[in-house]
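Working notes, beginning with the structure itself.
Readers should treat all values here as calculations from the given coordinates under stated rules, not as data from a laboratory. Please read all numbers here as calculations on a predicted model, not as lab measurements. Glycine also receives a Cβ, built like all others from the backbone with ideal geometry; neighbour counts cover every protein chain displayed.
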Amino acid sequence: MSEGQRFEARVLPHLDAAHNLARWLLRDAAAAEDAAQEAALRAFRYFASLREGEDAKPWFLGIVRNTCYTQLARQMGRAEITGLDEGDWDELAGAADTPEPVQVLHEQRERSAVDAALRALTPPLREVIVLRELEDLDYRSIALIAGVPVGTVMSRLSRARAKLKELLTLAGLP
Amino acid sequence: MNDDELSRLLREHASRHPASERLHAAVRTQTALQSAARERKPSAAPSRVGAIGSVKAWLRRHLGAGAVPVGSGRLGWIGTGGVLAGLMLGVALTLAVQSWQARPAELADDIVAGHVRALQVGPLFEVSSSSHHQVRPWFQGRLDYAPPVLDNLPGFALLGGRVQSLRGKPTAVLAYQAGLHKIDLFVWPAERGAAPERLQRRGFNIVHWSDGAMQYWAVSDMEGGELERFGAQWRAGAG
């Protein structure tokens, strides 16, 4: 099996998850496609760093996440995202949000409320929810992807949940 | 609302965004191109870093991978390793010499073949635009370099661009039109600057030059002098 075939077999099954994460982080359809494709290119280059038997999903999503954060940093006019503390994200919130087409009338009330609440979170909080609830990853994998300790993942999840409950209750759910 | 209720709401109602068919296809193509490029590296490398350096690098790469013990004992691989090293050195030297001698001529053949293929079976361009504002960003993420794109060459209209595999490497190609003639301009990073040179292959004319950062190979069935004028205008426009 060539390296390309092994890459296809191990990494590309997670392309849907990669695109989902990019779409939720960047909130823009075209930017998410570009980021997922660029991440796949990088992943192929660093494929040797994925060990035999290691789960490829968190490994690949970590690359996707870094690609997206580089993109977000560019939007904010920063060269590096690492120096940002969580408060800095507030200035980005709203600024880069691409408005969704107005299908709200035909869609379920739950979907639009849940999506809006998720979009209202800052990226560090949004990513832990997307990875935990939509991608069903465990704390250790999420910590690996976000590059933070497990304790930080847990505290972010708890803050994200509190914020989501508040927003969803305001929207009249459940 | 407790955590379980929140979790149920999120899992049932949050939008999921799977990758589109287009993205799946683009990534598979990209992987195939990169994979092919990597497998050809041993024979393509010598012209980049010089024969001796690349033979060393090539051996290091291949012996490095072979040196991982695969169930056999340590003594086993020292023996086979020695034999392998001898064999590989022979092969690597042959490859290095061959690719050194054959490269410019083969490259011209490959470029004409790529041009003919695009004219016959297409696509001549995957992004169709006469504006560099559209064409240049399109290459982003498809290549590991950013080719310059000019859309203001008098007498030569930009049709668009594509990525085509050239000697196993994904390469930027810009398509131009002048009268009834199509021109393909292959662009990729250069090792050093080079003066313009004109070649002929199977009735096609080729003009190639390098500005030190990129090298350019223009190919067309148009008259050689006209194609040189295209090259001259490009260099004037890029300067």
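Numbers below:
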quantity	calculated
Rounded if a/c under 1.5, otherwise prolate or oblate - region B:116-199, Cα gyration tensor axes	rounded
Where trypsin sites (Lys or Arg not before Pro) fall in DSSP loop in region B:197-227, at most 16 other Cβ within 10 Å	B:202
Percentage of interatomic Cα-Cα distances in region B:170-212 larger than 12 Å	69
Taking N as its residue count, the alpha carbon Rg of region B:181-239 over 2.2 N^0.38 Å	1.04
Shielding score for A:36-46, defined as the mean number of other chain Cβ atoms within 10 Å	5
Exposure proxy order (Cβ contacts within 10 Å, fewest to most) of B:13, B:181, B:208	B:181, B:13, B:208
